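Taken together, the values in this text are just the output of simple stated rules run on the coordinates, not laboratory data. Source: prediction; values computed, not measured. Glycine gets a Cβ as well: all are built from the backbone with ideal geometry, and neighbour counts include every protein chain shown.
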Amino acid sequence: MIALGQSNPRQIGIAFGPDRWPADLAAGEHAMNGAEALIETLVANGVEVCFNNPGTSEMHLVGAIDKVPGMRPILGLFEGAVTGAADGYGRMAGKPACTLLHLGPGLGNGLANLHNAKKAGTPIVNIVGEHATYHRKYDAPLSSDIASLARPMSHWVQTVEHAADGPRLASLAVAEALGTPGRIATLILPADSAWNELGRRDAPPRARPAAAPQVPGARIDAAAKALREAKSAAIVLGNDAMREGPLLAAARIAAATGARLYAETFSKRTERGAGRVAVKTIPYFAEMALDELKGVDLLLLAGARIPIAFFAYPGKASVLVPEGARTQDLARPDEDVPDALEALAEAVGAPRSVNTLQEAKRPGLGEGRLNAHEIGRTLGELLPENAIVADEGCTCGLWASVHTAGAPPHDWLQLTGGSIGLGIPLATGAAVACPDRKVVCIQGDGGAMYTIQALWTQAREGLDVVTIVFANRSYAILNIEFDRVGAGKAGEKAQSMLEIGNPEINFAELARAMGVNAMRCTTVEAFNKALADCMATKGPHLIEAVL
């Protein structure tokens, strides 16, 4: 600061900023800088894990995590792995982790998986470094409009313009993230707001998240009336309705009214398996969804949105509501969906128990030719109780879902926003949140290459994850979609944009290079043994299933 020709740093507010001068502290009290105060506030509000990929502007935050007790730093080698891991953690922990990202480009690298997290309703607090407030005007090479980058994938965006504002804004970020159903809060921290020191050390402010709004009784009554009057009703369940308690309430309603139960095509977290309520999923393809819902005259939405086709197709419907059917909200995603289902169960006089729970059933080990069907059978046979499955199997993942339906109780996490590259990071974050549970990632090979760096994080942290890569050497879903959108017959150049087998990727070698125990299987027998060994041994493993 003296080199700038100023005799008093307090006058220019660079080193400490106005009203944050160390001399204002009580005698003997340690000065705390903005970064330390921010991290202390996050920890005091239950944020215990920081998935990170920092740069120069974030070095004071790195130092703060080193000094302030209670925050576990977990390094990711790409920001998409960082944000995807925060998604998996938030889904399973029910509270936010924070991310630490380097300026606008770092945030930009993580946006795809923040998109998935936003669609899931996952709580996340992003901390994004920024150039010092006085440096921003110089348009340095890494300068960008961080707030504009953050807004599309965030519910809340704020900048800490002064160090003393950090604790208050950090507590607000946590409160925002803990909103219903779970929200993305992004806090931008200029470098000088991190290194400037605070004049006082107040107790960290506490987050006060708003309680989920209760569904009005009139809407409960209207839903009960609609179910009684409908000839063929379906209840579509979304978000937190896919947990064991709300699912049981929904099954009781179905038993009393004859309504069919459906889950949205992709769910944040489904508690499923033997002894739990089995729910059909609305199919991915538009024509299949309409065929499944054919004859329904009422779609009652419980934490779900109106069914919409993933993409537009020539001559096909975008809104997947059968002709003549109407939709009605029981509870919106930002309301207390579990409470609404319990209230509706009482309103329709539902029985206290149901006899339609999923029976325990193992399918037996796969046999014959190695394919997605047989891999699914083996997974269904060997999946342990209380496992967590992170599903980005895409075209190959359906059979895994089918064959694990009767396995012991487990959680199933899906690709909610459709942006591939989530599976391996999602499993990573889930394993951090639940270190005593086996995590299985079913992963397409195309999506694996987006964020395969997360395997390194699994090895570094010693996480108990088994990754199964379906190596079919193709963006198989795009081969299907090429035909469905009427793009014609794929010629040589078109096919080269849909296949990834030239050159062939050896996923087992990639995994071993990052410290993960890995094997490559070309037969069912080899796969069955490999999966059994991985299930019996803690630590990160990868099985490349060559299809």
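Cβ crowding within 10 Å ranks 231, 67 as 231, 67, fewest other Cβ atoms first. Annotation: aspartates and glutamates with alpha-carbon distance below 16 angstrom to residue 529 (same-chain offsets under eight excluded): 367, 374, 381, 544. In plain terms, the residue of 144, 318 with the fewest other Cβ atoms within 10 Å comes first and the most crowded comes last, giving 318, 144. Relative to the longest principal axis of the Cα atoms of the chain, the long axis of helix 79-93 lies at roughly 70 degrees.
Can you give the helix-only mean residue ellipticity at 222 nm for the chain, where every DSSP H stretch with n ≥ 4 adds -39500 (n - 2.57) and the sum goes over all residues, rounded to the nearest 500 deg cm²/dmol? Could the numbers behind the result be given before it?
Details: 21 runs with 198 residues, N = 547.
Mean residue ellipticity at 222 nm (helix-derived): -10500 deg cm²/dmol.
In terms of other Cβ atoms within 10 Å, 232, 496, 401 run from fewest to most in the order 496, 232, 401.
How high is the relative contact order of the chain, given as a whole-number percent (alpha carbon pairs under 8 Å, six or more residues apart)? Each step should come with its number before you reach the end.
Numbers: 1293 pairs, mean separation 75.2, N = 547.
Relative contact order for the chain comes out at 14 percent.
Do the alpha carbons of any pairs in 95/280; 438/538; 225/294 sit beyond 19 Å of each other, and which pairs? Result: 95/280; 225/294 exceed 19 Å.
Of all aspartates and glutamates in the structure, those lying under 13 Å Cα to Cα from residue 67, and not within fewer than 8 positions of it along the same chain, are 36, 40. Secondary structure note: in the chain, about 10% of the DSSP beta bridges are antiparallel.
Computed from Cα atoms, the angle from the helix 337-347 axis to the main principal axis of the chain rounds to 40 degrees.
For residue 489, the lysines whose Cα comes closer than 26 Å to its Cα, not counting residues fewer than 8 places off in the same chain, are 316. With a cut-off of 15 Å between beta carbons, the residues surrounding residue 55 carry a summed charge of -3, where Lys and Arg count +1 and Asp and Glu -1.
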